[in-house]
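Structure first, commentary second.
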Amino acid sequence: MTWSEMQPLLEQACWDTLYMVGWSTLIAVIGGLPLGILLVLTDRGGLLQNLAANKVIGQIVNIARSLPFIILMVALMGFTRSITGTTIGVEAAIVPLAVGAIPFFARLVETAVREVDHGLVEAVQAMGGNTWTIVRKVLVPESLPSLISSTTTTIVALIGYSAMAGTVGAGGLGDIAIRYGYQRFETQLMWITVAILAVVISLIQFAGDYAARSLHRRGAHSGPAPKLRLLKAAS
């Protein structure tokens, strides 16, 4: 296979992969961020302590995370068809990708939020701040560098999941690697696909790490004094 034949295939596969990963990441952040924060708030000693609800939510997240992605795709075929009208293609792949990424990202969010200094939370509570104020002005801003890193980790994982989705006709770079690299023995095309995936993942990881470090430095070396920050958070 010549480069002129490979180029359109690779271009379309790259766009398909970015499309799948982009929408899946957006849905994962929208669903996983509040879920992860809720796990912290409802835990023992949390602002909304409810151990029963915490255990139920935690078990659901654990079960969803424990399923291998290939099995999850098969298990969600009926649900995927009801939403997209099909079980193959780029749009159909977004459903299991997002469902698998939400609990994954939620646990990362939970870990990030737990790292926030509890003294800040207590100080804002003492100044009359309610739960929403604490979440919006303390928990999320203080954990933002870790949340950026968590999002980066989720994107990298989703790229790997999207490649696996290609084995069942989802499109993207995984589909190219399977159909041409494996089934048609186009070894050169397969290794080009591997190289593209490696470059994309490296660029995303670099961008995520840079953003997280920048936010961490900005929080450590700039901004108002701690007392003023607390007053602002409580307002």
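Since every read-out is calculated from the coordinates, none of them should be taken as a lab result. Only a predicted model underlies this, so the values are computations on that prediction, with no experimental measurement involved. Every residue, glycine among them, receives a Cβ derived from its backbone with ideal geometry; neighbour counts consider all protein chains shown.
Here are the numbers for the structure shown:
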item: Relative contact order computed over the range 26-92 (Cα-Cα under 8 Å; 6+ residues apart), in percent; result: 13 percent
item: Note, ³J(HN,Hα) from phi for the range 74-91, Karplus 6.51, -1.76, 1.60, rounded to Hz, x at Gly and Pro; result: 5, 5, 9, 4, x, 5, 5, 5, 5, 8, 9, x, 7, 10, 10, x, 5, 4
item: Coil-residue trypsin sites (Lys or Arg not before Pro) of the range 32-126, DSSP, other Cβ within 10 Å capped at 15; result: R44
item: Hull-based mean projected area of the chain, where the convex hull spans the alpha carbons, in square nanometres; result: 14.7 nm²
item: Summed residue charge, Cβ within 11 Å of M20's Cβ, Lys/Arg positive, Asp/Glu negative; result: -3
item: Sequence-separation-based contact order of the range 162-220, relative, with Cα cut under 8 Å and 6+ spacing, percent; result: 17 percent
item: Gain on full stretching of the segment that runs from S82 to S202 - 0.36 nm per residue minus C-alpha separation; result: 39.6 nm
